[in-house]
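In what follows, a structure is listed as C-alpha cells, so that the remarks can point back to it.
The values are calculated or read from the model by the stated rules, or taken from the named source; none is laboratory data. Only a predicted model underlies this, so the values are computations on that prediction, with no experimental measurement involved. Note that we place each Cβ from the backbone using ideal geometry, even for glycine, and neighbour counts take in every protein chain shown. Protein only, heavy atoms only, side chains kept; ligands, DNA and RNA dropped before computing areas. Shrake-Rupley method; radii C 1.70, N 1.55, O 1.52, S 1.80 Å.
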Amino acid sequence: MSSTDTADEHVNAEWWRQAVVYQIYPRSFADSDGDGLGDVRGIISRVPYLRELAVDAVWLSPFYPSALADGGYDVDDYRNVDPRLGSLDDFDHMVASLHAAGIKIFVDIVPNHSSNRHEWFQAALASPEGSPERDRYLFRDGRGEHGELPPNDWPSHFGPSAWTRTTNADGTPGQWYLHLFAPEQPDFNWDNPDVEADFIRTLRFWSDRGVDGFRIDVAHALKKDMSEPYKPVPTIGIMSDYPIDGSHPLFDRDDLYEVYRSWRAVFNEYDPPRVAVAEAMVPVERRVNYARADTLGQAFNFDLLGTPWRADEFRSTIARSLELAHSTESSSTWTLSNHDIVRHATRFGLPNETHLDTWLLTNGTEPPVDHEQATRRARAAAMLLLALPGSVYLYQGEELGLLEVADLPVEALQDPIWLRDAGARKGRDGARVPLPWTPEAPGYGFTTGTAHLPMPSWFADFAVESQRGEAGSTLELYRDALHARRELQTSEGLTWLDHSDNVLWFRRENGWNSLTNFGAESIVAPVGEVILASAPIAGDVVPAESTIWFRS
Ligand code: NOJ
C-alpha cells in the first residue's frame, strides 16, 4: 500500500489485507514520565520512529486500568486508560498523531474475562447467590457436604484449578467462580445479555474515538457449556486435543459465531468498516470460522511459531495457510513473535527440539543460544514473511533483532504463569522487557527511572540509536524491507519455484522473487536484479541461512 492509497476509499476499506502491523506492549515501549512504566505519551513521542520504520498500523496490547495480575489482560474498566499510562485525552492525541503519520491503530479487546476489580465483579460478590449481578459471571455451588470442593476439575491456563471460592459478607465460605486464567480474571457469562450489550458499547466507544481495528483476545472461549453433568476437560491450551465439531465445553463452540456476527454489524456501521483479528487458539480447520467476512474477518495464524527451520516445513505451513485464507476470502496473517512466547531470534538460535519452558528454567544456559545463527535466521525469516501475500504482525523489538532476556531474576518476574504455577514455568516476562532506545544504562532511553522489568547491559548493542544509520544493522534491514514492500506488495498470490532441498523460492505476479536458503552452506542461484538481501551477497552466491529478494 503506498501512501497515496490512503486517499482511495476502496483501497482504504481493504487496508488490513496486506498491512504490516507493529505490536506495542505499552508498558514496555516508551516511558515519558520516569515511573518505569511505558505510557501513552511515550508512544506519541515515538510516532516518528514508527513512521520511519514504515509500518501500516500498530496494535496496542491492553492499556486499560488494571492491577496487572496478567500484564493488563485483567481489565478493570474497558472504556478508560490506566492513569499510570495516561488519560483518554492522551489517547485521542495518540490516535491523531498516528493517523497524521498514516498509521492505523488496533486496540486489544478482552471479552472472555474481566479483572476481579471490575465494578460488575465487585457487584456480583456483594450480591446474593442467584442474583442478576452474579449471572454476568459463572458462579456455581461447590461439591462436597459443605460445598468445599470445586464444582468440577476443569484446569486453568495458569494453575491447577479454574475455580476459586468466594467469601460471603459474614465471613463464611461462599460459591465458586470460573476463571480460565488467573483467579483475578473471572470469566464472563456470555449467555447474559448485559455482557453482550456492554461489549458492543465498548466496540463503539473506541471506534468513535477513531480506532481502526480490534485484536480479540481468547476469541475462541466466550461461550461455554455449563450444563451438568459437566463435560470433561482433561487438558487446556493444547489445540490438537480439541474436537473440530464444536463439542468442546469451553472452546470454539458454534454459538460463538453469532456473537461475532453481531460485532460485524457494528464494525460495518463505520466508514471505512472497523476491522478485527481473532486470537483463536483452535485447530486450523476451525480458524476459518473466525476469519469470515460476516464474523471477525481475519484470524491470527500462529502456525509458523512452531515450524522447525526447514524449507519443506515452512513451505507446507505457508501453502496451507494461504489456502485457508483463500477459502474465506480473508487474507492470511503471518507472525513470528508476540508478548506470549520466547522471542523468535532466540528460538532460531536454539536446536529445533528445545523445550522452551525447560530451557527458561536454566536461565537460558542449557542449551546455549548460538547468537550468530539466531541473527542470521531471524533476518532471513523476517524477509521471507514480508514477501508473502497477507498481513504481517511484528512484535516490538524484533526490528532490533532483540533476544529473549532469559535470565531475569525470579524476584523480578511478574507473569502469573510463574506466580501461579509454583515456579514450574518461568513464563513470558523475558519477551516483555522494555525496549532499548539508546545505549545508555540503566534506562536505555526507555525510562529515566527504574524500568519495571530489569534491562540487561547487552541491550546497549541492540538499542535503536546503536543501529540507526548503521549499514547492515537489523533495524536498517527491517526499514529497507518495509519500504520496499510498500512498493512491491500486491494482493496477488504466489508461485512456488523449485530449486534444491534447502531452498524456498517463490515469485509474486509482479516479478518480485523471494528466495531463502535454509541450509548451512551457501548456494548458487539464478538471482536477477537484487532488491534486498538479509546477508551480504556476491554475484549469484546466496549465503547460508539468508533470504534474497530480486526481480526477474
Ligand atoms: C492471550 C494474551 O495474549 C495473553 O497475554 C493473556 O495472558 C491471555 N490471553 C489471557 O487474557
Just name the residue that is most open to solvent (accessible area, probe 1.4 Å) out of those in the stretch 201-231 that are closer than 22 Å to Ala280 by Cβ, more than 14 Å from the ligand (Cβ to nearest atom) and part of a loop (DSSP other than H, G, I, E, B). Lys231
Of a type outside the set (D, E, K, R), assigned by TED's automatic domain parsing to the domain that holds Leu256, within 23 Å of Val542 (Cβ to Cβ) and modelled with pLDDT of 95 or more - does that describe any residue in the stretch 321-336? yes
Just to be sure before I move on: is Gly171 of a type in the set (Gly, Ala, Ser) and surrounded by 15 or more Cβ atoms within 10 Å (Cβ to Cβ) in the structure I sent? no
Search the stretch 369-395 for residues that are farther than 24 Å from Gly297 by Cα and of a type in the set (Asp, Glu) and pair each with any residue that is open to solvent by less than 30 Å² (accessible area, probe 1.4 Å) and part of a loop (DSSP other than H, G, I, E, B) when their beta-carbon atoms are under 7 Å apart and the residues are at least 6 apart or on different chains. Asp370/Gly349
Can you spot a residue in the stretch 395-411 that is touching a Ser or Thr at 6+ places or on another chain (Cβ under 6 Å) and surrounded by fewer than 18 Cβ atoms within 10 Å (Cβ to Cβ)? no
Looking at the stretch 243-281 only, could you name the residues that are crowded, with 23+ Cβ neighbours inside 10 Å, assigned to a loop (DSSP other than H, G, I, E, B) and in contact (Cβ under 8 Å) with a residue 60 or more places away in the chain? Arg274, Ala280
With among the hydroxyl-bearing types (Ser, Thr, Tyr), in the same structural domain as Arg209 (by TED's automatic domain parsing) and surrounded by fewer than 18 Cβ atoms within 10 Å (Cβ to Cβ) as the only criterion, which of Ser87, Ser66 stands out? Ser87
Are any residues in the stretch 145-165 under 11 Å from Trp176 (Cβ atoms), surrounded by fewer than 20 Cβ atoms within 10 Å (Cβ to Cβ) and not acidic (Asp, Glu), and if so, which ones? Gly147, Leu149, Pro150, Ser161, Thr164, Arg165
Would you call Arg117 away from the ligand (no atom under 16 Å from the Cβ), touching a residue at least 12 places away in the same chain (Cβ under 8 Å) and open to solvent by 40 Å² or more (accessible area, probe 1.4 Å)? no
Going through the stretch 27-63 one residue at a time, which ones are within 17 Å of the chain's Cα centre (by Cα) and among the aromatic types (Phe, Trp, Tyr)? Phe29, Trp59, Phe63
Residue satisfying all of: in the stretch 182-194; more than 9 Å from Tyr137 (Cβ to Cβ) and within 24 Å of the chain's Cα centre (by Cα); most open to solvent (accessible area, probe 1.4 Å) among these: Glu184
Among Asp312, Asp340, Asp357, which is the only one that is within 16 Å of the ligand (Cβ to nearest atom) and assigned to a helix (DSSP H, G or I)? Asp357
State which residue is most open to solvent (accessible area, probe 1.4 Å) when the search covers only the stretch 418-461 and only residues that are farther than 21 Å from Tyr395 by Cβ and of a type in the set (D, E, K, R). Glu440
Picking from Arg486, Arg507, which residue would you name as being of a type outside the set (S, T, N, Q), under 26 Å from the mean Cα position of the chain (by Cα) and open to solvent by 40 Å² or more (accessible area, probe 1.4 Å)? Arg486
Every residue from the stretch 39-71 that is assigned to a loop (DSSP other than H, G, I, E, B) and within 16 Å of the ligand (Cβ to nearest atom): Ser61, Pro62, Phe63, Tyr64, Pro65, Ser66, Ala67, Leu68, Ala69, Asp70, Gly71
